[in-house]
1. For segment 138-249, taking Cα atoms only, what is the radius of gyration to one decimal and the Dmax to the nearest whole Å?
2. Please list, or write none, the aspartates and glutamates whose alpha carbon is within less than 20 Å of the alpha carbon of Lys66, excluding same-chain residues fewer than 8 places away.
3. Among Thr48, Met1, Gln90, whose Cα lies farthest out toward the positive end of the dipole of segment 1-123, if unit charges sit on the beta carbon of Lys, Arg (+1) and Asp, Glu (-1)?
4. Report the Cα centroid-to-centroid distance between segment 160-220 and segment 32-96 in angstrom, as an integer.
5. So how strong a dipole does segment 3-258 carry about its Cα centre when Lys and Arg Cβ are +1 and Asp and Glu Cβ are -1, to the nearest 20 debye?
6. Sequence neighbours fewer than 8 away in the same chain don't count; with that in mind, list the lysines whose C-alpha is under 23 Å from Lys163.
7. Filter the GluC sites (Glu not before Pro) in segment 165-250 down to the DSSP loop ones having no more than 14 other Cβ atoms within 10 Å, then list what survives.
8. Treating cross-link reach as a plain straight distance, find the aspartates and glutamates whose alpha-carbon is under 13 Å from the alpha-carbon of Lys264, omitting any fewer than eight places away in the same chain.
Amino acid sequence: MSQSVLIASGKGGVGKSTLTANLGAALARRGASVVIVDADMGLRSQDTFLGLENAVVFDLIDVVNKDCTLDQALIECPSVPGLRLLPASQFARMRALDSDRFRKILKILKITTDYILIDSPAGIEKGFRTLLNAGADQIVLITTPDDLCIRDVEHAASIVENKSLPRPRLIVNRLDNELIRQHEMPSARSIADNLDLSLLGEIPEDPVVYRSILRHSLFINYDCKARGAVLRIAGRMTGEMIPFPEIGTEKVSLIRRLFPKTVKEVTSLDRH
Ligand SMILES: Nc1ncnc2c1ncn2[C@@H]1O[C@H](COP(=O)(O)OP(=O)(O)OP(=O)(O)O)[C@@H](O)[C@H]1O
Ligand SMILES: [Mg+2]
């Protein structure tokens, strides 16, 4: 059955776009037909993640304004068969997107697509609400493990709840093993429990993520920890029961127990 999935956050910069592109590719490589809808008007990024920046002719707002057909705007991703992109407009503002038209576009896409992943703009203002009003089947909220992001994601979850939409699932990004082990950072499980959201995935901080962006490539093309995390999320989305390795709570080897890696002490420069 076709699923539209809105990928959102409270605070910006938590990894929505990076994750949407890689998750879309991971689902397509499992044999699903996937469309990524870049709904971050004015700040489009999915074309770059997917190496399609020179292939964009029409965009989502052109479809909304009926300046082109949906088929004309959709771009096949040659490196990932089964994955297509509906790019965001580079110049239009979020207010150019109308919930009713967007809902109709999703409805048409659902006829030919297994997963529609919608990359939303930062924040919980009008753009987020317009996308929510179009009514996605699933909402996935992304947070990093810091108080500011967690507070904003809680706010986003309460807006979703007020609109009687399905309860969002949570992905915690940029987790650090050692900081969790030394109780400086909360684990993904504890964040999800505190927010009363079901945990869909946990992704470690991984330098390969940034390096892959510099290469205009996807991090799932490289052997890295973030790759494994996204493949597990894709598996869970398709209904597989994949256990959580629980970053920060893995068994520690004897060597590591004897010679623990210490987190460098942070020295305050405040004069009291
Ligand atoms: N697991 C990770 N490890 C290391 N860096 C990461 C990880 N996830 C994301 N990043 C980095 O975080 C930055 C922001 O990512 P991204 O643009 O995907 O966030 P966003 O939520 O889409 O931002 P915005 O709200 O502005 O749209 C990027 O530089 C990316 O490389
Ligand atoms: Mg983004």
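1. That works out to 14.4, 41 Å for Rg and Dmax.
2. Partners found: Asp38, Asp40, Asp98, Asp100.
3. Met1
4. 26
5. On the way: 32 positive and 32 negative charges, 63 e Å.
That gives segment 3-258 a dipole magnitude of about 300 debye.
6. By straight Cα distance, Lys163 reaches Lys11, Lys16, Lys104, Lys107, Lys110, Lys126.
7. Numbers: sites: Glu178, Glu184, Glu202, Glu205, Glu240, Glu246, Glu250; in loops: Glu184, Glu205, Glu240, Glu246, Glu250.
Of the GluC sites (Glu not before Pro), the ones in loops of segment 165-250 whose Cβ has at most 14 other Cβ atoms within 10 Å are Glu184, Glu240, Glu246, Glu250.
8. Candidates past the 8-residue exclusion: Glu178, Glu184.
The values are calculated or read from the model by the stated rules, or taken from the named source; none is laboratory data. Keep in mind that what you see is a predicted model, and the values were worked out from it rather than measured. Don't worry about glycine lacking a Cβ; one is built from the backbone with ideal geometry, like all the others, and counts go over all protein chains shown. Surface areas here come from the heavy atoms of the whole protein model, side chains and all, with no ligands, DNA or RNA. Shrake-Rupley method; radii C 1.70, N 1.55, O 1.52, S 1.80 Å.
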